Amino acid sequence: MAKLHTVSHDEVEFYCPGCRKAHRISTRIWTWNRSVETPTFTPGFLLYVGNDCCHVFIIDGELQYQTDSTHKLAGQRVSMPEWREDVHGKESEVQA
Ligand SMILES: [Zn+2]
């Protein structure tokens with residue numbers, strides 16, 4: 001099962017269990033290993049959502065949250081959840 005969802009020819013998204021929403025990634029900016037099952041992106045991501053920060057490295061399908069993230073998964077490593085359109089697609093629409 002794929003962990004990434006293709007948004008367009010140069011954009012993919014994944015579900016972030018820290019922020020509990022989808023994050024989009026431009027494959028023009030980040031280097032991607034082209035795997036949707038064990039994705040690796042370089043460099044890491046530093047996202048600001050309002051006053052919250054989500055700082056994550058994605059390596060071999062694992063989300064490695066850095067300690068400066070403001071959500072509860074800061075400092076933890078979790079497996080990237082499989083993308084589910086019925087759950088994650090809806091949730092990201094609500095957030096938009
Ligand atoms: Zn996040």
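According to a simple spin-label model (label point 7 Å from Cα along Cα-to-Cβ), what is the distance in nm between Arg24 and Ala2?
So the two model labels end up 1.6 nm from each other.
In the range 1-57, what trypsin sites (Lys or Arg not before Pro) fall in a loop by DSSP, with at most 16 other Cβ atoms inside 10 Å?
Values: sites: Lys3, Arg20, Lys21, Arg24, Arg28, Arg34; in loops: Lys3, Arg20, Arg28, Arg34.
Passing sites in the range 1-57 are Arg20, Arg28, Arg34.
What order do you get for Trp30, Trp83 when you list them from fewest to most C-beta neighbours inside 10 Å? Mind dumping the intermediate values first?
Working: Trp30 15, Trp83 20.
Exposure proxy ranking, most exposed first: Trp30, Trp83.
What's the extension gain from Thr67 to Ser79 if we count 0.36 nm per residue and subtract their Cα-Cα distance? Don't skip to the end; give the middle numbers.
Values: separation 12, 0.36 × 12 = 4.32 nm, distance 1.69 nm.
Working it through step by step, the gained length comes to 2.6 nm.
State the dimensionless ratio Rg/Rh of the chain (Rg: radius of gyration of Cα atoms; Rh: Kirkwood radius). Don't skip to the end; give the middle numbers.
Details: Rg = 12.3 Å, Rh = 13.3 Å.
Radius of gyration over Kirkwood radius for the chain works out to 0.92.
Where a number appears in this text, it was derived from the coordinates with a stated rule and is not lab data. In this text the structure is predicted, and so the values were computed from the model without any measurement. Quick reminder, even Gly has a Cβ in these numbers, built from the backbone with ideal geometry, and neighbours come from all protein chains shown.
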